Amino acid sequence: MSSRIERSSKKIFITGIGTDVGKTIVSAIVVEALQADYFKPVQAGDLEFSDTDKIKELVANTTSKFHTNSYALETPMSPHAAAEIDGVTIELNTIKVPKTDNHLVIEGAGGLLVPLNDTETILDLIQPDHKVIVVSRHYLGSINHTLMTLQILKDRGFDVSVIFNGNEHKTTEDIIKKMTSVKVLGQIDDEPYFDTMVVKEYATLFKEKLELL
């Protein structure tokens with residue numbers, strides 16, 4: 001058994017301050033850095049080229065395993081609405097975290113309070129032993145969305161860190177760090193494209209901090 005597997009394996013939950021902030025790119029980088037497994041509990045829409053498919057294309061290592069979605073829904077909408085269109089109800093007790101001796105990256109859908117059903121949200125998927133990485137992307141209003149997301153997670157007692165996605169915006173990043181004392185794992189520039197080489201470069205940059213989570 002390799003020394004990497006012998007270490008205590010981590011479960012890392014990746015969420016964002018909203019939709020389209022870069023959770024899948026960050027997931028690919030973390031998967032590559034730790035040679036971790038990957039699991040997307042709920043996929044809504046894009047089934048022909050899902051987030052799991054995207055991660056597979058971006059990850060170069062041969063150790064990572066890619067686990068099947070618990071729910072694969074046809075419509076690109078909030079999971080609760082997509083599930084209703086498909087005639088199903090998302091139930092938390094049917095979402096089983098895959099058993100693996102490896103590190104596991106779990107990618108959420110949208111932000112923390114995206115509904116899964118009439119009473120539960122993405123937040124309810126996060127377990128006490130999960131390390132949580134929040135993906136923050138700079139836009140007008142992103143400070144508010146980032147602070148709210150971090151506050152909710154900290155109030156629940158989670159071990160939280162942040163990755164900034166997008167070119168550096170110093171005043172924004174500084175105030176978030178000052179007000180939350182959050183661990184910053186790194187920053188991803190607005191790259192012209194992402195492929196296995198670009199993902200691997202960022203994985204190398206983030207590797208040490210990710211291993212210390």
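Structure values in brief
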read-out: Verdict on D129 being open to solvent by 60 Å² or more (accessible area, probe 1.4 Å), more than 25 Å from F66 (Cα to Cα) and of a type in the set (D, E); value: no
read-out: Residue in region 189-201 that is open to solvent by less than 70 Å² (accessible area, probe 1.4 Å), under 25 Å from V114 (Cβ atoms) and assigned to a loop (DSSP other than H, G, I, E, B) present; value: yes
read-out: Count of residues meeting criterion [part of a helix (DSSP H, G or I) and either in contact with a Phe, Trp or Tyr (Cβ under 9 Å, 6 or more places away or on another chain) or under 18 Å from F194 (Cα atoms) (or both)] in region 35-49; value: 1
read-out: Complete set of residues in region 70-110 that are farther than 25 Å from L213 by Cβ, among the polar types (S, T, N, Q) and under 19 Å from the mean Cα position of the chain (by Cα); value: S78
read-out: Of all residues making up region 163-213, the number that are in contact (Cβ under 8 Å) with a residue 24 or more places away in the chain and of a type in the set (G, A, S); value: 2
read-out: Count - residues of region 50-109 that are open to solvent by less than 50 Å² (accessible area, probe 1.4 Å), over 16 Å from K23 (Cβ atoms) and part of a helix (DSSP H, G or I); value: 4
read-out: Residue among G186, G166 that is surrounded by 13 or more Cβ atoms within 10 Å (Cβ to Cβ) and touching a Leu at 6+ places or on another chain (Cβ under 9 Å); value: G186
read-out: Options L205, L140, L210, L185; residue that is modelled with pLDDT under 95 and either within 20 Å of E32 (Cα to Cα) or assigned to a loop (DSSP other than H, G, I, E, B) (or both); value: L140
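Okay, residues lined up against (1) in contact with a helix residue (DSSP H, G or I) (Cβ under 9 Å, 6 or more places away or on another chain); (2) in a loop (DSSP other than H, G, I, E, B); (3) without any contact (Cβ under 8 Å) to a residue 12 or more places away in the chain:
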| position | (1), (2), (3) |
| --- | --- |
| T119 | no, yes, yes |
| D124 | yes, no, no |
| Q127 | no, yes, no |
| V132 | yes, no, no |
| V135 | yes, no, no |
| H145 | no, no, no |
| L150 | yes, no, no |
| L153 | yes, no, no |
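Every residue, every condition in (1) of a type in the set (G, A, S); (2) surrounded by 17 or more Cβ atoms within 10 Å (Cβ to Cβ); (3) farther than 23 Å from K207 by Cβ, yes or no:
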| residue | (1), (2), (3) |
| --- | --- |
| Y139 | no, no, yes |
| T149 | no, yes, yes |
| D155 | no, no, yes |
| S161 | yes, yes, no |
| D174 | no, no, yes |
| K177 | no, no, no |
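The values are calculated or read from the model by the stated rules, or taken from the named source; none is laboratory data. This structure is a prediction, so every number in the text was calculated from the model and none was measured. Cβ atoms come from the backbone with ideal geometry, glycine included; neighbour counts cover every protein chain shown. Areas reflect the complete protein model, heavy atoms only, side chains present, ligands, DNA and RNA absent. Shrake-Rupley method; radii C 1.70, N 1.55, O 1.52, S 1.80 Å.
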